[in-house]
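The values are calculated or read from the model by the stated rules, or taken from the named source; none is laboratory data. This structure is a prediction, so every number in the text was calculated from the model and none was measured. Every residue, glycine among them, receives a Cβ derived from its backbone with ideal geometry; neighbour counts consider all protein chains shown. The accessibility values were calculated without ligands, DNA or RNA, using every heavy atom of the protein model including side chains. Shrake-Rupley method; radii C 1.70, N 1.55, O 1.52, S 1.80 Å.
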Amino acid sequence: MINQTNVKYGKSRSAIRELFEYGKKRKAEIGEENVYDFSLGNPSVPAPAEVGEELTRIIKETDPVTLHGYTSAQGDFSVRKAIADDLNARHKTELHADCIYMTCGAAASLCITLNALLNEGDEVITFAPFFPEYAVFTANARGALKKVDCNRQTFQPDVEAFKRALSERTKAVIINSPNNPSGVVYSEQVIEELCAALNEHFEKTGKRVYIISDEPYRELVFDGIYVPFIMNYYPESIVCYSFSKSLSLPGERIGYIAVNSRIHAFADVYAAVCGAGRALGYVCAPNLFQQLVKRVLGKTSDMSVYRDNRDRLCAALTSYGYETVQPDGAFYLFVKALEEDASAFAERAKEYEILLVPSESFGVNGYVRISYCVSADTIERALPAFKALAESYK
Ligand code: PLP
């Protein structure tokens, strides 16, 4: 018999993908412009002009045998060095090329990191709401995902609940800020409290717990809000980064893992990352895009478009009576469903051709996620439907 867990994963799509597929079908039936599709986190802003220019230059100027050839398994040295130098300049860290492992995006970064760290039965804590694939990635790395709720007013991690959840089996904590799906940026105070709790746990039990910081939305923040860089707060930390959102390149599959140079037993942890990459077959991330990101480090797509979308949506939805969590980053709005059952609410929204992801798969009940990485025009056209949906509950 083949592996039944994977049969199950393959046959059941995530709630997000399910809705996205429904949207494609519905658009074919009634016309693209008549469906308000807020299902997927696919950037709606084009990559910055430098991306196209540099790609052309790289293709023209690089020997094709080299360009299309294998790099080192962990990525081209000059690319890894450039990334380490860039992080050091921005965050005052002391990373070097051999702290970096190039990957096919944040998903691969997380899978490699979890496989590098976990032994059979280890626990990984994360804060609900969370990106649903954490459960799949953790299970695949032989671990068990344990969720700790965020505070329901602020959607910041509940530090007291976190302390209670720590156990002898806790191996890692995944944090994701700016957060998918809440859009919340975890505050410096909360980060400091989480790190203090882990230091205390180490003193008590001798167990080192790693923080895995999943950061595809790092640069996607509004109003100059500060996003603490985890390596400056906690040595036992690994960053899983992706260029999918910051450069609007999700289809190109490029990102990296950065292992803190101050992590205990650094050489073994980095070796475990390289080993997990090898065991999974996740080696030699696409070289064309490795070379590209080296040349455009620090550049981002035009984030002001997302801020304008957030402002327009938040103001309109609030005026119709919806309650939303104030998002400081990413391109998601987490909205309280107008009935207890978020799935039933999302089904009702479909009657108004609005596609919203119910919150159960994010680990909490009673909310829906709106991905507002869509055109401003889609938002304007969707507003009357949102209004009518709210009125249907009055
Ligand atoms: N982590 C979070 C929180 C995400 O939202 C996503 C994608 O939406 C990923 C990881 C996966 O990102 P990538 O496309 O870089 O694999």
- request: Among the numbered conditions (1) open to solvent by 80 Å² or more (accessible area, probe 1.4 Å); (2) within 23 Å of the chain's Cα centre (by Cα); (3) over 30 Å from VAL368 (Cβ atoms), tell me where ARG13 comes up short.
  value: (3)
- prompt: Out of VAL65, VAL35, VAL51, which single residue is farther than 23 Å from ARG208 by Cα, out of contact with any Cys (no Cβ under 7 Å at 6 or more places or on another chain) and open to solvent by 20 Å² or more (accessible area, probe 1.4 Å)?
  reply: VAL65
message: Within the range 372-385, does at least one residue satisfy the condition of being closer than 22 Å to PRO48 by Cβ, small (Gly, Ala, Ser) and open to solvent by 40 Å² or more (accessible area, probe 1.4 Å)?
response: yes
- request: Return yes when ASP268 is part of a loop (DSSP other than H, G, I, E, B) and open to solvent by 10 Å² or more (accessible area, probe 1.4 Å) and no when it is not.
  value: no
Filter result for the condition that a residue is away from the ligand (no atom under 14 Å from the Cβ) and either open to solvent by less than 10 Å² (accessible area, probe 1.4 Å) or at positive phi (or both), over ARG164, ARG142, ARG169: ARG142
Residue pairs meeting the criteria (Cβ under 6 Å; at least 6 apart or on separate chains; first hydrophobic (A, V, I, L, M, F, W, C), in the range 23-48; second within 15 Å of the ligand (Cβ to nearest atom) and open to solvent by 40 Å² or more (accessible area, probe 1.4 Å)): LEU40/PHE20
field: Residues being within 16 Å of the ligand (Cβ to nearest atom) and in contact with a helix residue (DSSP H, G or I) (Cβ under 7 Å, 6 or more places away or on another chain) - total across the range 176-203
entry: 1
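Could you please give the count of residues in the range 109-139 that are of a type in the set (A, V, I, L, M, F, W, C), assigned to a helix (DSSP H, G or I) and open to solvent by less than 10 Å² (accessible area, probe 1.4 Å)?
3
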- line: Residue hits (the range 361-394; modelled with pLDDT of 95 or more, under 30 Å from ILE125 (Cβ atoms) and either in a helix (DSSP H, G or I) or not aromatic (Phe, Trp, Tyr) (or both)) are PHE362, GLY363, VAL364, ASN365, GLY366, VAL368, ARG369, ILE370, SER371, CYS373
- prompt: Counting just the residues of the range 138-153 that are within 27 Å of VAL325 (Cα to Cα) and modelled with pLDDT of 95 or more, which one comes out farthest from the chain's Cα centre (by Cα)?
  reply: ASN151
- request: Look at VAL305 and say whether it is of a type in the set (Val, Ile, Thr) and within 16 Å of the ligand (Cβ to nearest atom).
  value: no
task: Answer with yes or no whether THR71 is open to solvent by less than 40 Å² (accessible area, probe 1.4 Å), more than 19 Å from LYS245 (Cβ to Cβ) and hydroxyl-bearing (Ser, Thr, Tyr).
output: yes
- prompt: Pairs, please: C-beta under 6 Å, at least 6 apart or cross-chain, first residue open to solvent by 20 Å² or more (accessible area, probe 1.4 Å) and in the range 87-104, second within 16 Å of the ligand (Cβ to nearest atom)?
  reply: CYS104/ARG253; CYS104/ALA285
message: open to solvent by less than 10 Å² (accessible area, probe 1.4 Å), more than 20 Å from the chain's Cα centre (by Cα) and more than 25 Å from VAL296 (Cβ to Cβ): which single residue out of VAL159, VAL184, VAL209 fits that description?
response: VAL209
- prompt: Do any residues in the range 305-325 that are closer than 19 Å to SER392 by Cα have Cβ atoms under 9 Å from those of residues that are in a loop (DSSP other than H, G, I, E, B) and hydrophobic (A, V, I, L, M, F, W, C), where the two are at least six apart or on different chains, and which pairs are they?
  reply: GLY321/LEU338; TYR322/LEU338
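Every residue, every condition in (1) free of Cβ contacts under 8 Å to residues at least 60 places away in the same chain; (2) within 16 Å of the ligand (Cβ to nearest atom); (3) surrounded by fewer than 21 Cβ atoms within 10 Å (Cβ to Cβ), yes or no:
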position: THR205; (1), (2), (3): yes, no, yes
position: PHE229; (1), (2), (3): no, no, yes
position: TYR233; (1), (2), (3): yes, no, yes
position: LEU249; (1), (2), (3): no, yes, no
position: VAL259; (1), (2), (3): no, no, no
position: VAL273; (1), (2), (3): no, no, no
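In the range 217-224, is there at least one residue being in a loop (DSSP other than H, G, I, E, B) and within 10 Å of the ligand (Cβ to nearest atom)?
Yes, the conditions are met somewhere in the range 217-224.
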- prompt: Does PRO228 count as out of contact with any helix residue (DSSP H, G or I) (no Cβ under 9 Å at 6 or more places or on another chain) and either part of a loop (DSSP other than H, G, I, E, B) or hydroxyl-bearing (Ser, Thr, Tyr) (or both)?
  reply: no
message: Among (1) under 21 Å from the mean Cα position of the chain (by Cα); (2) not in a helix (DSSP H, G or I), there is one condition ILE191 misses while meeting the rest; what is its number?
response: (2)
